[in-house]
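Some notes on the structure that comes next.
The values are calculated or read from the model by the stated rules, or taken from the named source; none is laboratory data. On a predicted model such as this, the values are computed, not experimentally measured, just so you know. All Cβ positions, even for glycine, are placed from backbone atoms using ideal geometry, and neighbour counts span all protein chains on display. Only protein heavy atoms, including side chains, enter the accessible area calculation; ligands, DNA and RNA are left aside. Shrake-Rupley method; radii C 1.70, N 1.55, O 1.52, S 1.80 Å.
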Amino acid sequence: MKEADLALVRLLSDGSFRSGSELGDVLGISRAGVWKRIQRLADFGLALESVKGKGYRLAQPLELIDPDTVRRQLGGAADLHYQWVTGSTNEDALALKGPVYRPQVFITECQQAGRGRRGRTWQSPFAANLYVSIRFTLSGGFAALGGLSLAVGVVVGEALRAFDPSLPVTLKWPNDLLVNGAKVGGVLIELAGEMEGRVDVVIGVGLNGRMTAAQAELIDQRWVDLATVLTAMPSRTELASQVIVRLMAMLPLFQAKGFDAFKGAFAGFDAVSGKKVMVSATGQNLVGVAVGVASDGALLLETDDGIRSLYGGEVSLRIQ
């Protein structure tokens, strides 16, 4: 996104109509130039309305994250990287030259190549949701990662309940956050590198904040946003700060005790335990009843052949 586009976004951020001539006067360009910039904003997932005689406006007002406030909340515990637009915060974290010896936090207003698990596209319109990634090092090698996505899910779920204790948020193994069975967020864990018993890890978290139907039309599963289910929607800065600060507090506890420290809390969020599920992995489908998770984050599946332990990786789970 160019600086000229950002200037236009700022002018339209309150959701009020602005005529082409008014916008042109402020930006120092022609009405035709304004129209061209308006068209470009659609590339960033911004929903715009045009009404003859009134001009242009955003379908809903924009609220940008205040990175200075997030930095203050972090209290120097990590370096914060903030951009208006990027390809993917996880990719930005992975691209950082490592290993890192201090946590690095990445947030953005818009992802143009947002990713979920198994290569799925994560819809990431401008200033609608929360996109955050944290890169850090973890002792214990690759084996120490067991259950990390579940621990992250617990912490994010607790952050959401801090805004609304009655929110019926649950976790679907291995990485989905649900509200009333609809997806409100997800977790993506990626490995940046491994060296001498330590792993460089990237935690990616995406949460649906406030989306228009047009922005969400490419989502291919049941979804919901926080603005719909919370009794009072926090500011995007408050949401980002709450989630990031809690994740930062989680890291040393996970380093010391692993997923076992979060296993009890996970049981209180578990959307799968006791239900018949089908798990697809490595070309085969397993059907059974989920009976909880192990201390290393493995899903315990009761099948006709006994209890099977299944791990995240490239798997898909469906509740029957």
Inset, instruction - Answer yes or no: is there a residue in segment 42-53 that is in contact with a helix residue (DSSP H, G or I) (Cβ under 9 Å, 6 or more places away or on another chain), assigned to a helix (DSSP H, G or I), open to solvent by less than 60 Å² (accessible area, probe 1.4 Å) and among the hydrophobic types (A, V, I, L, M, F, W, C). - result: yes
Legend entry - Residue match in segment 273-285 (condition: open to solvent by less than 20 Å² (accessible area, probe 1.4 Å), under 24 Å from the mean Cα position of the chain (by Cα) and among the hydroxyl-bearing types (Ser, Thr, Tyr)): no
Inset, instruction - Return the pairs, sorted by first residue and then second, in which the second residue is open to solvent by 50 Å² or more (accessible area, probe 1.4 Å), the first residue lies in segment 235-254 and is of a type in the set (Gly, Ala, Ser), the beta carbons are less than 8 Å apart, and the residues are 6+ apart or on different chains. - result: Ser235/Glu63; Ser241/Gln73
Inset, instruction - Only one of these is of a type in the set (Ser, Thr, Tyr) and within 30 Å of Ala47 (Cα to Cα): Ser139, Ser166, Ser149, Ser133. Name it. - result: Ser133
Legend entry - Subset of segment 12-41 (residues that are assigned to a helix (DSSP H, G or I) and within 18 Å of Pro125 (Cα to Cα)): Leu12, Arg37, Ile38, Gln39, Arg40, Leu41
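How many of the residues in segment 227-261 are among the acidic types (Asp, Glu) and either open to solvent by less than 10 Å² (accessible area, probe 1.4 Å) or touching a helix residue (DSSP H, G or I) at 6+ places or on another chain (Cβ under 9 Å) (or both)? Talk me through it step by step, then tell me what you get.
Looking only at segment 227-261, we keep the residues that are among the acidic types (Asp, Glu), and these are 238, 260.
In the following step, the residues that additionally are either open to solvent by less than 10 Å² (accessible area, probe 1.4 Å) or touching a helix residue (DSSP H, G or I) at 6+ places or on another chain (Cβ under 9 Å) (or both) were identified as 238.
The total comes to 1.
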Legend entry - Conditions (1) modelled with pLDDT under 95; (2) surrounded by fewer than 23 Cβ atoms within 10 Å (Cβ to Cβ): number failed by Met211: (2)
Inset, instruction - Confirm whether Val291 is farther than 18 Å from Gly181 by Cβ, open to solvent by 60 Å² or more (accessible area, probe 1.4 Å) and among the β-branched types (Val, Ile, Thr). - result: yes
Legend entry - Hits in segment 54-65 - residues which are modelled with pLDDT of 85 or more and open to solvent by less than 30 Å² (accessible area, probe 1.4 Å): Gly55, Ile65
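Is it the case that Glu194 is open to solvent by 10 Å² or more (accessible area, probe 1.4 Å) and either assigned to a loop (DSSP other than H, G, I, E, B) or under 30 Å from Phe44 (Cβ atoms) (or both)?
no
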Inset, instruction - Please give the number of the condition Gly204 fails out of (1) open to solvent by 10 Å² or more (accessible area, probe 1.4 Å); (2) over 17 Å from Leu230 (Cβ atoms); (3) assigned to a strand (DSSP E or B); (4) not basic (Lys, Arg). - result: (1)
